[in-house]
Every structure is written in C-alpha cells, then in structure tokens.
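Scroll down for the structure; my scribbles are underneath it.
The values are calculated or read from the model by the stated rules, or taken from the named source; none is laboratory data. It should be emphasised that the depicted structure is a prediction, and the values quoted were computed from it without experimental measurement. Cβ placement follows ideal geometry from the backbone for every residue including glycine, while neighbour counts extend to all protein chains displayed.
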C-alpha cells in the first residue's frame, strides 16, 4: 500500500526534490492525479520545470 502511495505522489516528490513549483504539481497530482493523463502531466511538469537557482555569496 505504501508503495502505491509513493508511486501516486512521485511527481510531487520529484518537484520537491528539484525545487520546481511543488505546490502546483501537488495540487494537480492530488485532485486530478487519479486520471492517468493528469498524472503524466504532473510528472512531465515536475521534470520539465526549471529548478530555482540559489546563489550563495561568500564574503571574505
């Protein structure tokens, strides 16, 4: 059962790991992910979305 839950939320997990609009992917996955088409759409969105760029400044 846990494996199916992880597979269902795989697009959300990928979006969180990449830092690329995880809230939008989660909402699409949660409400429409039960349809195969929108699950694939959430997966593609989580993979294609560009991750946030974080700059680190080191001051001497």
Margin query: Just to be sure I understand, how many residues within the range 9-24 are exposed (fewer than 15 other Cβ atoms within 10 Å of the Cβ) and at pLDDT 95 or above?
Written below: 0
Item checked: Residue count for the range 45-55, restricted to those that are over 9 Å from the mean Cα position of the chain (by Cα) and part of a helix (DSSP H, G or I) -> 1
Item checked: In the range 5-24, the residues that are in a helix (DSSP H, G or I) and either touching a helix residue (DSSP H, G or I) at 6+ places or on another chain (Cβ under 6 Å) or closer than 12 Å to residue 43 by Cα (or both) -> 7, 8, 10, 11, 12, 13, 14, 15, 16, 22, 24
Check: How many of the residues making up the range 25-44 are loosely packed, with under 15 Cβ neighbours inside 10 Å and either in a helix (DSSP H, G or I) or in contact with a strand residue (DSSP E or B) (Cβ under 6 Å, 6 or more places away or on another chain) (or both)?
Finding: 8
Margin query: Need pairs with beta-carbon distance below 8 Å; first residue modelled with pLDDT of 90 or more and within the range 34-60, second outside any helix (DSSP H, G or I); sequence gap 6+ or separate chains.
Written below: 39/33; 42/33; 45/21; 46/20
